[in-house]
Each structure stands twice: as C-alpha cells, then as structure tokens.
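The values are calculated or read from the model by the stated rules, or taken from the named source; none is laboratory data. Small disclaimer: the values here were computed from a predicted structure and weren't measured. Every residue, glycine among them, receives a Cβ derived from its backbone with ideal geometry; neighbour counts consider all protein chains shown. Side chains are part of the model used for accessible areas, which takes the heavy atoms of the whole protein and leaves out ligands, DNA and RNA. Shrake-Rupley method; radii C 1.70, N 1.55, O 1.52, S 1.80 Å.
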Amino acid sequence: MEEPTDPQILHKGLVKVRRRRWILWATILVYLPGMMLGLYLQASGGTMGKLFAGWVGLLCVAVGLATVVLCPRCGNPFHTNGPTFLPVRKCVHCGLHVRADKA
C-alpha cells in the first residue's frame, strides 16, 4: 500500500487509533473501582461474578477494537503483528508514533 503523505489523512487515522486506545485503557482502569464499589455495597458472590463477567466481555470488545484499527501510514493493523497484540505507542509495522500528527 502506498504511504499517504497528506497530513489530514494521517491525523484522521491517528485520532481513530488514539480513540481505540482510550477505550482499551479506560476499560482496564474501571475494573478495580468497579469491584471495590461492589464490595462496598456488599454485593453477593453471584452479583460480583456477573460484574466480573460483564467486565471481561467489555474488555474483549475493547481489545478487539484496538486490534483491528489500521495504521493510516502503512495500512496494517497498528497494534497487531501476526497473532501478537502489542498495545504500544508506535505502529508495529512502520513505526508511526501515535502522536505523530501532534509534532
């Protein structure tokens, strides 16, 4: 795939990558406060299990969204190289930084 040089295309693509990253990290960060709230409210074991299962479901969706987002420069998955998901700040294929449009 030809690498786009248009700053607007790069910006639009990187905004999408950053949005998907925020969804992933927010899902991960909400776990502990959510479980602590459940314990504080003295939720039953079954309710806690359902909360945990719901969180795992949300986590699967968030990881799926972050896995399939494409790099605007090379067109490959930004965080995925083969079967390996790496939520790093640079494209695992071409090295485009997630904040390259902010420089």
Inset, instruction - Counting only heavy atoms of the protein chains, get the accessible area per residue of the chain (1.4 Å probe) and round it to a whole Å² value. - result: 66 Å²
Inset, instruction - Determine ³J(HN,Hα), in whole Hz, for all residues of the stretch 57-73 in sequence, where each value follows from phi through the Karplus function 6.51 cos²θ - 1.76 cosθ + 1.60 and θ = phi - 60°; x replaces Gly and Pro. - result: x, 4, 5, 4, 5, 5, 5, x, 5, 6, 6, 9, 5, 9, 6, x, 8
Legend entry - Dipole-positive endmost among Val63, Gly34, Val88 within the chain (Cβ charges, Cα centre): Gly34
Legend entry - Nonlocal amide H pairs with Phe85, under 5 Å, H built at 1.01 Å: none
Inset, instruction - Just subtract the alpha-carbon distance of Val68 and Ser44 from 0.36 nm times their residue separation and send over the number in nm, one decimal. - result: 5.0 nm
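Within the chain, how many Lys pairs that are eight or more residues apart, or on different chains, come under 22 Å at the alpha-carbon? Spell out each step's value before the answer.
Numbers: Lys12/Lys90; Lys12/Lys102; Lys16/Lys90; Lys16/Lys102; Lys90/Lys102.
Taking the chain as the scope, the lysine pair count is 5.
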Legend entry - Computed lengthening from Leu51 to Met35, 0.36 nm per intervening residue step minus Cα-Cα distance: 5.0 nm
Legend entry - Apportionment of accessible area to carbon and sulfur, the stretch 1-56, percent (1.4 Å): 69 percent
